[in-house]
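Undergrad: The structure follows.
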Amino acid sequence: MSFVAIAFYVFASIAIAGGLLVISSRNPVHSVLFLILTFFSTAGLFVLLGAEFLAMLLVVVYVGAVAVLFLFVVMMLDVDFVEMRQGMMQNLPAGATVGVILLFELLLAFGARSAEGAKSLEEIAVGQVSNTRALGNLIYDDYFLMFQTAGMILLVAMIGAIVLTLYHRPGIKRQNIAAQVARTRDEAVELVDVKPGQGI
């Protein structure tokens with residue numbers, strides 16, 4: 001067995017185990033940490049496939065931003081997960097229905113892609129074009145609209161996370177830039193006539 005095959009089985013096993021631990025862990029912080037482990041293992045699989053750009057994208061974007069955002073949101077919201085789990089069995093049929101619909105849509109999309117014969121990276125990467133350049137040609141030519149839509153969805157998710165964690169508490173001093181700019185010299189400066197030998 002070659003080294004590449006051994007590395008593939010190691011990365012794949014860790015990714016599958018990490019994915020199972022993400023959904024089975026009782027502590028949400030542990031789930032996020034297992035999610036980071038799954039991302040790193042998947043990045044190793046991308047390196048084995050020769051897609052170095054996707055591997056670095058997975059590590060930098062998802063591990064460095066999305067997973068850390070999940071971790072901060074989980075820690076800052078202080079959600080009572082014990083109370084949420086009590087109603088999990090009631091929502092299980094609805095969740096299973098949504099999961100089946102998503103699986104059907106994915107199978108439909110892959111079937112349509114194979115039937116249509118969409119361009120692959122091998123077809124675009126003609127000559128000495130690098131993997132990153134071939135991926136850029138594919139994204140910004142054929143899938144530009146879907147790429148921009150995914151960016152908008154991530155932007156909305158980021159704004160939603162900020163709105164959920166941002167709340168104003170009374171009694172806390174905050175900076176008011178308009179009031180600072182509108183101040184005049186008479187309001188900001190006070191002249192005091194101090195006589196010799198006396199304090200202020």
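The values are calculated or read from the model by the stated rules, or taken from the named source; none is laboratory data. Being a predicted model, the structure only gives us computed values, none of them experimental. Here the Cβ positions follow ideal geometry from the backbone for every residue, glycine too, while neighbour counts run over all protein chains shown. Heads up: the accessible areas ignore ligands, DNA and RNA and are worked out on the full protein's heavy atoms, side chains in. Shrake-Rupley method; radii C 1.70, N 1.55, O 1.52, S 1.80 Å.
Undergrad: Among the numbered criteria (1) modelled with pLDDT of 85 or more; (2) open to solvent by 80 Å² or more (accessible area, probe 1.4 Å), which single criterion is violated by Leu107?
TA: Status for Leu107: all satisfied but (1).
Undergrad: Yes or no: Ile124 open to solvent by less than 100 Å² (accessible area, probe 1.4 Å), β-branched (Val, Ile, Thr) and modelled with pLDDT of 65 or more? Even if it seems obvious, please write down each step before you answer.
TA: Values: open to solvent by less than 100 Å² (accessible area, probe 1.4 Å): yes; β-branched (Val, Ile, Thr): yes; modelled with pLDDT of 65 or more: no.
The answer is no for Ile124.
Undergrad: Please count how many residues of segment 73-99 are at pLDDT 75 or above and open to solvent by 100 Å² or more (accessible area, probe 1.4 Å).
TA: Narrowing segment 73-99 to residues at pLDDT 75 or above: 90, 92-99.
This time we only want the ones that are open to solvent by 100 Å² or more (accessible area, probe 1.4 Å), so: 90.
Within segment 73-99, residues that are at pLDDT 75 or above and open to solvent by 100 Å² or more (accessible area, probe 1.4 Å) number 1.
Undergrad: Determine whether segment 167-189 contains at least one residue that is free of Cβ contacts under 8 Å to residues at least 12 places away in the same chain, within 23 Å of Leu71 (Cβ to Cβ) and part of a helix (DSSP H, G or I).
TA: There is no residue in segment 167-189 that is free of Cβ contacts under 8 Å to residues at least 12 places away in the same chain, within 23 Å of Leu71 (Cβ to Cβ) and part of a helix (DSSP H, G or I).
Undergrad: Oh, and also: Can you name the residue in segment 6-28 that is exposed (fewer than 12 other Cβ atoms within 10 Å of the Cβ) and modelled with pLDDT under 85 and, of all such residues, is nearest to Leu69 (Cα to Cα)?
TA: Of everything passing the filter in segment 6-28, Asn27 is nearest to Leu69 (Cα to Cα).
Undergrad: Is it true that some residue in segment 72-80 is farther than 24 Å from Ser130 by Cα, in contact with a helix residue (DSSP H, G or I) (Cβ under 6 Å, 6 or more places away or on another chain) and without any contact (Cβ under 8 Å) to a residue 60 or more places away in the chain?
TA: Start the filter on segment 72-80 by keeping residues that are farther than 24 Å from Ser130 by Cα, which leaves 72-80.
Next, only the ones that are in contact with a helix residue (DSSP H, G or I) (Cβ under 6 Å, 6 or more places away or on another chain) stay: 73-74, 76.
Within this subset, residues satisfying the condition of being without any contact (Cβ under 8 Å) to a residue 60 or more places away in the chain are 74.
Yes, segment 72-80 contains at least one residue that is farther than 24 Å from Ser130 by Cα, in contact with a helix residue (DSSP H, G or I) (Cβ under 6 Å, 6 or more places away or on another chain) and without any contact (Cβ under 8 Å) to a residue 60 or more places away in the chain.
Undergrad: For the condition within 30 Å of Tyr167 (Cβ to Cβ) and in contact with a Phe, Trp or Tyr (Cβ under 6 Å, 6 or more places away or on another chain), what is the one hit in Val22, Val73? Walk me through how you get there before you give the answer.
TA: Numbers: Val73 fails: in contact with a Phe, Trp or Tyr (Cβ under 6 Å, 6 or more places away or on another chain).
Exactly one of Val22, Val73 is within 30 Å of Tyr167 (Cβ to Cβ) and in contact with a Phe, Trp or Tyr (Cβ under 6 Å, 6 or more places away or on another chain), namely Val22.
Undergrad: Report yes if some residue within segment 43-50 is open to solvent by less than 40 Å² (accessible area, probe 1.4 Å), out of contact with any Ser or Thr (no Cβ under 6 Å at 6 or more places or on another chain) and of a type outside the set (A, V, I, L, M); otherwise report no.
TA: Yes: segment 43-50 contains one or more residues that are open to solvent by less than 40 Å² (accessible area, probe 1.4 Å), out of contact with any Ser or Thr (no Cβ under 6 Å at 6 or more places or on another chain) and of a type outside the set (A, V, I, L, M).
Undergrad: May I pose another question? State whether the residues of segment 150-166 include one that is at pLDDT 85 or above, surrounded by 11 or more Cβ atoms within 10 Å (Cβ to Cβ) and in a loop (DSSP other than H, G, I, E, B).
TA: Checked segment 150-166: no residue is at pLDDT 85 or above, surrounded by 11 or more Cβ atoms within 10 Å (Cβ to Cβ) and in a loop (DSSP other than H, G, I, E, B).
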